[in-house]
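The values are calculated or read from the model by the stated rules, or taken from the named source; none is laboratory data. If you're wondering where the values come from, they're calculated on a predicted model, not measured in any experiment. Neighbour counts run over all protein chains shown; Cβ positions are idealised from the backbone, glycine included. Surface areas here come from the heavy atoms of the whole protein model, side chains and all, with no ligands, DNA or RNA. Shrake-Rupley method; radii C 1.70, N 1.55, O 1.52, S 1.80 Å.
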Amino acid sequence: MMILPQFGIFAQGTHAHYFLEFDIRAGVSPDTMVKSIRRLRGPDVSAGGVNFVIAFGPRVWREISNGPMPESLGDFEEINGKDGCKAPATQHDAWVWISGSSPDVVWDHARASVLAASDVSEVKAELPGFTYRDSRDETGFIDGTANPDLLHAPDVALIPQGQPGEGGSHVLAMRWVHDLDSFNKLTIKDQQDVIGRTKPDSIELSDEVKPKTAHIARVSVEVFGSEIEIFRRSVPYGITKEYGLNFIAFSADPSRYRRMLERMFGLSGDGLSDRLLDYSRPVSGAYYFAPSLNVLNELSQS
């Protein structure tokens, strides 16, 4: 049988986004919640429609999974980094990402999703997002330049067939608040030194001039001589008073996230941390597991 991933993980050309995080209501069993969440809408794409990606917190997934699961499945833990930098843990029971071509359609589906699941769960966090200019972060730098191409992305994002959790993906969800006032006071050269890429065209700075504390340098991690990869699907968000990046990533192996975060927060043993932390701070952090479509369908029918 062919194992199918949730297609929304890889859907391109979406300009409007909505993220929902749910907790199970008291007295409701995890399997009942999963069936309700699964009813939201089949995670497929139709003309003028939307994409859904549905994922579950590690505790819930361990309770309701009918088959082998990744041993590495675990909650996000608070990070206490160098110089007082922290990343809080805000783990919830389920996570839904809705994306589409326009904010009104995506919002309609988000509202319908909350109503459909209201009998078994309550919304603990919600956040709309948008495409900023030509896929840039609000700092003005292109986001996701180092992503694998779409042909290679499934190899990076999905657990290989034959392994526990096959066709599924580990999700990292973190909301970062930017201090754009401070960042924009820097010269373009200093901004580029913070990120590690040129601002207009996102060319990585050479090793000779790229600071070791640049963001690109800190999240570049090699294991046995090969650089580890994740599939980033981050989305800017904001109002005039608060704005930043809803960092979303998919990986076949969650240890990749932990290695990158350790290097960012100065916990990798080399005494260095990511200079981007001077201008952006995380206010949420959670791990979820997005099972394959095959498994989602089995759960909804059981």
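Overview of values
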{"read-out": "Nitroxide proxy distance, nm - points 7 Å out along Cα→Cβ at residue 255 and residue 130", "value": "4.2 nm"}
{"read-out": "Highest average packing first - 27-34, 283-290, Cβ atoms within 10 Å", "value": "283-290, 27-34"}
{"read-out": "Cβ crowding within 10 Å averaged over residues, with 206-212, 156-162 ranked highest first", "value": "156-162, 206-212"}
{"read-out": "Residue-span extension gain [residue 29 to residue 206] - 0.36 nm each, minus C-alpha spacing", "value": "58.4 nm"}
{"read-out": "Separation of the residue 241 and residue 278 label points, Cα + 7 Å toward Cβ, nm", "value": "2.9 nm"}
{"read-out": "Inter-label distance for residue 298 and residue 3, nm, one decimal - labels placed 7 Å from Cα along Cα-to-Cβ", "value": "1.0 nm"}
{"read-out": "Paramagnetic reach from residue 223 in the range 65-95 [backbone N under 16 Å; point 7 Å along Cα→Cβ]", "value": "70-74"}
{"read-out": "Accessible surface, the range 1-159, averaged per residue in Å² (probe 1.4 Å)", "value": "48 Å²"}
{"read-out": "Proximal charge balance of residue 62 [Cβ under 15 Å; K/R count +1, D/E count -1]", "value": "-4"}
{"read-out": "Total charge dipole magnitude, the range 216-299, about the Cα centre, Cβ charges on Lys, Arg, Asp, Glu only, Debye to nearest 20", "value": "240 debye"}
{"read-out": "Close Lys-Lys pairs in the chain, where close means Cα under 15 Å and separation is 8 or more or interchain", "value": "4"}
{"read-out": "The range 93-187, dipole about Cα centre (Lys/Arg Cβ +1, Asp/Glu Cβ -1), debye to the nearest 20", "value": "140 debye"}
{"read-out": "Degrees between helix 103-117 axis and first principal axis of the chain (Cα, 0 to 90, nearest 10)", "value": "50 degrees"}
{"read-out": "Order by protection proxy (mean Cβ within 10 Å, highest first), peptides 16-24, 59-67", "value": "16-24, 59-67"}
{"read-out": "Rounded Å value of the spacing that divides the Cα centres of the range 162-207 and the range 77-106", "value": "16 Å"}
{"read-out": "Helix-only [θ]222 nm of the chain, DSSP H runs n ≥ 4, -39500 (n - 2.57) each, per residue, nearest 500", "value": "-6500 deg cm²/dmol"}
{"read-out": "Exposure ranking of 132, 237 by accessible area [1.4 Å probe, largest first]", "value": "132, 237"}
{"read-out": "0 to 90° range, to nearest 10: angle between helix 255-264 axis and the chain longest Cα axis", "value": "30 degrees"}
